[in-house]
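Remarks on the structure that follows.
The values are calculated or read from the model by the stated rules, or taken from the named source; none is laboratory data. Please read all numbers here as calculations on a predicted model, not as lab measurements. Glycine gets a Cβ as well: all are built from the backbone with ideal geometry, and neighbour counts include every protein chain shown. Keep in mind that these areas ignore ligands, DNA and RNA; they rest on the heavy atoms of the full protein, side chains included. Shrake-Rupley method; radii C 1.70, N 1.55, O 1.52, S 1.80 Å.
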Amino acid sequence: MAASLLRRVAAGRGRCPPPGEMLRRLVSSDAAPEQALPRSPPEMPPFEHRPTPYAGMGGDEILEKRKKFLGPSLFYYYQKPLNIVEGKMQYLYDEQGKRYLDCFGGIVTVSCGHCHPDIVNAVLEQTKLLQHTTTIYLHHAIVEFAEALASKMPGNLKVVYFVNSGTEANELAMLMARLYSGNLSMIALRNGYHGGSAGTIGLTGLQTWKYPIPQGEIHHVMNPDPYRGAFGSDGAAYAKEVEEHINYGSSGRVGGFIAETFQGVGGAVELAPGYLKSVYDTVRKAGGVCIADEVQSGFGRTGSNYWGFQTQDVIPDIVTMAKGIGNGLPLGAVVTTPEIASVMSQKIQFNTFGGNPVCSAGGLAVLKVLDKEKRQAHCADVGAHLVERLKTLQQKHEIIGDVRGRGLMLGVELVTDRTEKTPAKAETALLFEKLKDLGVLVGKGGLHGNVFRIKPPMCFSKDDADFLVDAMDYAMSGF
């Protein structure tokens, strides 16, 4: 601007301003920064895979048929939902062949990677031989899988029941706890999620997922949330509240206690340090059984440990798992002690599809891949890098209230006011769409839907992490 002014004067065009005014213009113009060029959106890391051209039904037609033939309670992400037609490792492809970085892993279900060749091969080979029997006949796949899974468990957790989902696993665990203890009362956490059946809806502590039906003998205690909880990171104070709840809000005897160590649907909340150790002791003194819900946090995803409960230095009486156990197969499991398992022999206990040969072969392949590719250590390494970058981003953008989690089990909570921690609901929805347009798919969680859930396939790389953070930075620059 200053140079332009000088050129105009030198050329005899325009009125020459007084010397004082000209100096002011020159100084102010030179001191002002030049207008920044528009930023280019970040580029996704290269990936050697060419998706198969898609010639199937288009997204608009699918949506119409979905509305017509599927239940209205089903929801979808994005104002214009994506028609995802192919996946490879940590990436997804839509009907146009556009590639997306999957930072949500099919709701924390794809552990090894989309269409991992080892798992695909195991499923195909078993399908060619025998697709289904039940446990009324013998088959090697179910016992091989059970043995491998039991080898990953601490203590005397050696008896495995296979089911089809996390909801089924938690239903069975609750039944076991009540039968073994002889007590009906169950204790669960506010903000926890344990499934969508009539029984597990009762355990769930989020009103957005609960229908107005009787939830039975279930007590919800304070959530030991270091960011929003009344006692901050004081695990002992939250544990004391559980003891008081048992003393004042029950008969003094309980059937069991269930908790996720890292709350998934609730927004990637890691429980306050030391909480479970104290609570497990209290619950056992009251005659109850301690259940760890590892549906989302298991199989090395947290990086520091194979199971989420190990971060709290406890050994549960029952462990439930699903999602990552099958890398997308409908598979879940309950692992408990021989003593607790024995109570199920009072009656006939049976699951038609539990331990299905195809799912068992696939599940065993998952365990082998996680070991062979050292995915727990990988999650620790990539997760530490990602957390560091997210915390740096938090210093730049006021909308980021909290960065939390471990490994590749992370959450980023967005707020409009850091002091009041006001949920940034509208802003989260807008950023959610912007990230999708940039090729990044994240999840949403928390009661108010203001937490980005970052739980990608465990093959997610540091380059992917950098692209994710750069995309978030680019999307947030307008706030």
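Magnitude of the charge dipole for the chain, about its Cα centre and with charges confined to Cβ atoms of Lys, Arg (+1) and Asp, Glu (-1), is about 940 debye. Using only side-chain charges placed at the Cβ, +1 for Lys and Arg and -1 for Asp and Glu, the dipole size of region 254-412 relative to its Cα centre rounds to 220 debye. State the antiparallel share, in %, of DSSP beta bridges confined to the chain, rounding to the nearest 5. If I count the DSSP bridges inside the chain, around 70 percent turn out antiparallel. Normalising the Debye intensity of region 177-265 to I(0), with uniform scatterers on Cα atoms only, and taking log10 at q = 0.15, 0.16, 0.19, 0.23 Å⁻¹ returns -0.57, -0.65, -0.91, -1.23. Beta bridges assigned by DSSP with both partners in region 194-339 are antiparallel in approximately 45 percent of cases. Where in region 383-418 does the label zone of Asp473 land, with the point 7 angstrom along Cα→C-beta and an amide N cut-off under 16 Å? Once the point is set 7 Å along Cα→Cβ of Asp473, 385-400 turn out to lie under 16 Å by backbone N, inside region 383-418.
Expressed as a whole percent, the accessible area of the chain that falls on carbon and sulfur atoms is 55 (1.4 Å probe). Is region 246-311 best put as rounded, prolate or oblate by its Cα gyration tensor, with a ≥ b ≥ c the root eigenvalues, rounded for a/c under 1.5, and otherwise prolate when a/b is larger than b/c, oblate when not? Prolate is the answer for region 246-311, as a/c is 1.5 or above and a/b outweighs b/c.
With the charge dipole of region 313-465 set up from +1 on Lys and Arg Cβ and -1 on Asp and Glu Cβ about the Cα centre, the Cα lying farthest toward the positive end among the listed residues Leu329, Gly401, Ala465 is that of Leu329. Each Lys and Arg adds +1 at its Cβ and each Asp and Glu adds -1 at its Cβ; summed about the Cα centre, region 262-334 shows a dipole of about 40 debye.
May I ask for the angle, rounded to the nearest 10°, between helix 140-150 and the longest principal axis of the chain, with both axes built from Cα atoms and the value confined to 0 to 90°? For 140-150 against the chain, the angle is about 70 degrees.
So, R0 is 25 Å and r is the distance between the beta-carbons of Lys391 and Thr422; what FRET efficiency does that work out to, to 0.05? Given R0 = 25 Å and the Cβ-Cβ separation, E is 0.75. Shape verdict for region 369-438, please, from the Cα gyration tensor: rounded (a/c under 1.5), prolate (a/b greater than b/c) or oblate. Verdict is prolate for region 369-438. For region 77-146, the set of trypsin sites (Lys or Arg not before Pro) satisfying both a DSSP loop assignment and a count of at most 12 other C-beta atoms within 10 Å is given as Lys98. Determine the relative contact order of the chain: mean sequence separation of Cα pairs under 8 Å and six or more apart, normalised by residue count, in whole percent. 20 percent.
Structural descriptor for region 168-299: relative contact order 28 percent, calculated from alpha carbon pairs under 8 angstrom and at least 6 residues apart. Cross-link pairs exceeding 27 Å in C-alpha to C-alpha distance, out of Lys372/Lys396; Lys68/Lys210; Lys396/Lys425; Lys67/Lys434; Lys158/Lys444, comprise Lys372/Lys396; Lys158/Lys444. Residues in the chain average 47 Å² of solvent-accessible surface per residue, probe 1.4 Å, ligands and nucleic acids excluded.
Taking label positions 7 Å along the Cα-Cβ direction at both Ile84 and Lys374, the computed distance is 2.9 nm, reported to one decimal. Using 0.36 nm per residue and subtracting the Cα-Cα separation, the extra length available between Asn351 and Phe69 on full extension is 98.7 nm. What distance in nm separates the simple spin-label points at Leu175 and Glu241, each placed 7 Å from Cα in the Cβ direction? Inter-label distance under the simple model: 3.3 nm. Principal-axis analysis of the Cα atoms of the chain puts helix 375-396 at an angle of about 40° to the longest axis. In terms of its C-alpha gyration tensor, region 67-134 comes out oblate, because a/c is 1.5 or above while a/b does not outweigh b/c. Here Glu48 and Cys115 are evaluated by their C-beta separation; at R0 = 22 Å the FRET efficiency comes out at 0.95.
For Ala198 and Asp437, FRET efficiency with R0 = 35 Å and r from the beta-carbon atoms, rounded to 0.05? Using R0 = 35 Å, I get an efficiency of 0.35.
Placing unit charges on the Cβ atoms of the charged side chains and taking the dipole of region 94-243 about its Cα centre, the candidate lying farthest along the positive direction among Gly229, Asn170, Tyr180 is Gly229. In region 247-356, Cα pairs under 8 Å separated by at least six residues give a relative contact order of 21 percent.
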